[in-house]
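K.L.:
I have a structure here, written as C-alpha cells, and I will follow up with some questions on it.
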Amino acid sequence: MLNQDMLRLGAHQSAIRKISEIGKRRAATYGKDSVFDFSIGDPQAPVPADVKAALAAAISSPDKEGVHGYTSEPGVESVRRAIAQDVNRIYGTAAQAKHIYMTCGAAAGLAISLKAVCNAGDEVILIAPYFPEYAIYTIAADATPKPVRCAQDFTLDIAAIGAAITQNTKAIVLNSPNNPSGAVYPAQQISALAALLSDASRKLGHHIYVITDEPYRELTYDGKMPPSPFGVYDDTILCYSFSKSLSLPGERIGYIAISPTISDGDDAYAAIDGAARALGYICAPSLFQRALESCLPVKTDLDFYAENRKLIYGALTALGFECAPPNGAFYLFIKSPEQNAEAFCTRAAEKGILLVPGDEFDCPGYARLAYCVDREILAKSIPVFEKLRDLYFN
C-alpha cells in the first residue's frame, strides 16, 4: 500500500499553485487581458546584469567539470566562505564557512533544518499567518505544528508565544518580512522573544531553536535591513534564498547558516548535514553556486516593488478595501469584505482577479495579493477591483 499521508498530500494540491493554474487556463481560453493573476510570489523584477554576466562567465569557463559537476555535499568551499563573510557583514556575527550549507532554495533549507532539530513528539510554533509549507515540513520531520496567532498588527504576540510553549516545544519558525502579510517584526519584539526563549530553554532543560526564514530580507520599504534573531538569539538557524533578491526563483539556490553561538555548533551542523542526506538535498546547483560567489552584494531593482506597492496599496485603500500596511516583501493582505474570504476570492476570480484566501495561511478573513507582477497588470486591474468593490460597498 502507498504511504497514505503522502497520497493525501499529493492529492491535495497547494491552493496557491491551484489558483495560478486556473489563471493560466483562463488566459488560454479568454486571453491574457482577462486575467489578473496575483496568486503566486513569482518575482518579475529583472535579473541583475552582473548575475547574467557571472553566469555567462561560468558557463564559458574551460573548467566544465567544476561548473557542471557535483560539488561537495554542503557546497563549494570558496562560495561558503564568501557567504559566511556576507552573513557577518549583514548581521555583525562571526559565522564560519564550516557552518554554511548550500541548499536548493529556502524550501530545502527549512525542510532540512526542521528535520535536523526535531524528534517524534516535538512541537514547532508557527506564527499565523504563515506560509503553508511550514506545517508540511514540520509534519515530515515527525513533529507537530502549533500555530500561534500574531498580534493585531500582524507582528509578534510575545505573550501568546509564551503561553504556547510546553515541555515538547523544540522550535519556532519566524518569517520577517512576512509572507503573506508584509509585516516586519520590530527589533524590540525580536529581543523580547530571545529573552523569552532563553528563559524557557533553561526551565525546560533543552534548547528551543529559532528557524528564521528570510528570503525577503532585502525587500523592506524604509531602507533598513529588517531585525533578525540571527546574532541576537544563540540557537538560531537562518534559511535564505536568492529567489527574491536576485529574481531567480526557478533556479532554487539558497543556504543555511547556523549561528556561531549555537549550542553544540559542530553537532548542530552535523545534524543539518545528516538531514540533507536523508532528504536527498545535497550538492545544490553548482553553476549557480559559482555565479553567486562574485554577486553576493548585488541586488535586483528593489524600486520595482516599491512602485508596485505604492500603486496597488494606494488604489485599493482609496476604493475602500482595508489592507494591512505592507512594510516588506511584495504581498498585500486584504481584509475580506465578507466573512468568508474564500467566497470573496471566488467572486474576485469571476471577474478575473486571482487572489489566495487567507485560510491557506491559517488566517481566515483575509486574501493575499502578490504585487510582484508587471506594473501594467496592476494598473489595468484597478478598474476591475472597482467593479468588485461595488458588489460590497454600493
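K.L.:
Can you give me the ranges of the helices (runs of 4 or more DSSP H) entirely in the stretch 43-91 with at least 1 residues that are at pLDDT 90 or above and either on the phi < 0 side of the Ramachandran plot or not aliphatic (A, V, I, L, M) (or both)?
P.N.:
The qualifying helices (runs of 4 or more DSSP H) are 49-59, 77-91.
K.L.:
Looking at the stretch 238-246, can you tell me whether even one residue there is assigned to a loop (DSSP other than H, G, I, E, B), closer than 18 Å to residue 103 by Cβ and of a type in the set (Lys, Arg)?
P.N.:
There is at least one residue in the stretch 238-246 that is assigned to a loop (DSSP other than H, G, I, E, B), closer than 18 Å to residue 103 by Cβ and of a type in the set (Lys, Arg).
K.L.:
Next question. Starting from the stretch 143-166, keep only residues that are acidic (Asp, Glu), then list their pairs with residues that are surrounded by fewer than 16 Cβ atoms within 10 Å (Cβ to Cβ) whose Cβ atoms are within a distance under 6 Å, requiring at least 6 positions of separation or different chains.
P.N.:
157/151
K.L.:
Answer yes if at least one residue in the stretch 115-131 is aromatic (Phe, Trp, Tyr), free of Cβ contacts under 8 Å to residues at least 60 places away in the same chain and either buried (at least 21 other Cβ atoms within 10 Å of the Cβ) or closer than 26 Å to residue 264 by Cα (or both), and no otherwise.
P.N.:
no
Yes or no, residue by residue, for (1) in contact (Cβ under 8 Å) with a residue 40 or more places away in the chain; (2) exposed (fewer than 15 other Cβ atoms within 10 Å of the Cβ):
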| position | (1), (2) |
| --- | --- |
| 36 | yes, no |
| 41 | yes, no |
| 45 | yes, no |
| 50 | yes, no |
| 59 | yes, yes |
| 63 | no, yes |
| 71 | yes, no |
| 77 | no, yes |
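K.L.:
Kindly provide the set of residues from the stretch 215-242 that are under 20 Å from residue 107 (Cβ atoms) and either in the same structural domain as residue 327 (by TED's automatic domain parsing) or without any contact (Cβ under 8 Å) to a residue 40 or more places away in the chain (or both), ordered by number.
P.N.:
Passing the criteria: only 236.
K.L.:
Within the stretch 92-106, count every residue that is assigned to a helix (DSSP H, G or I), surrounded by fewer than 21 Cβ atoms within 10 Å (Cβ to Cβ) and in contact (Cβ under 8 Å) with a residue 40 or more places away in the chain.
P.N.:
Looking only at that region, the number is 1.
Residue by residue, here is whether (1) part of a strand (DSSP E or B); (2) under 29 Å from residue 108 (Cβ atoms); (3) in contact (Cβ under 8 Å) with a residue 12 or more places away in the chain; (4) not aliphatic (A, V, I, L, M) holds:
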position	(1), (2), (3), (4)
284	no, yes, yes, no
289	no, yes, yes, yes
297	no, yes, yes, yes
312	no, no, yes, no
316	no, no, yes, no
326	no, yes, yes, yes
334	yes, no, yes, no
342	no, no, yes, yes
369	yes, yes, yes, no
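The values are calculated or read from the model by the stated rules, or taken from the named source; none is laboratory data. Fair warning: this is a prediction, and the values are worked out from it, not measured in the lab. Virtual Cβ from ideal backbone geometry, glycine too; neighbours counted across all protein chains shown.
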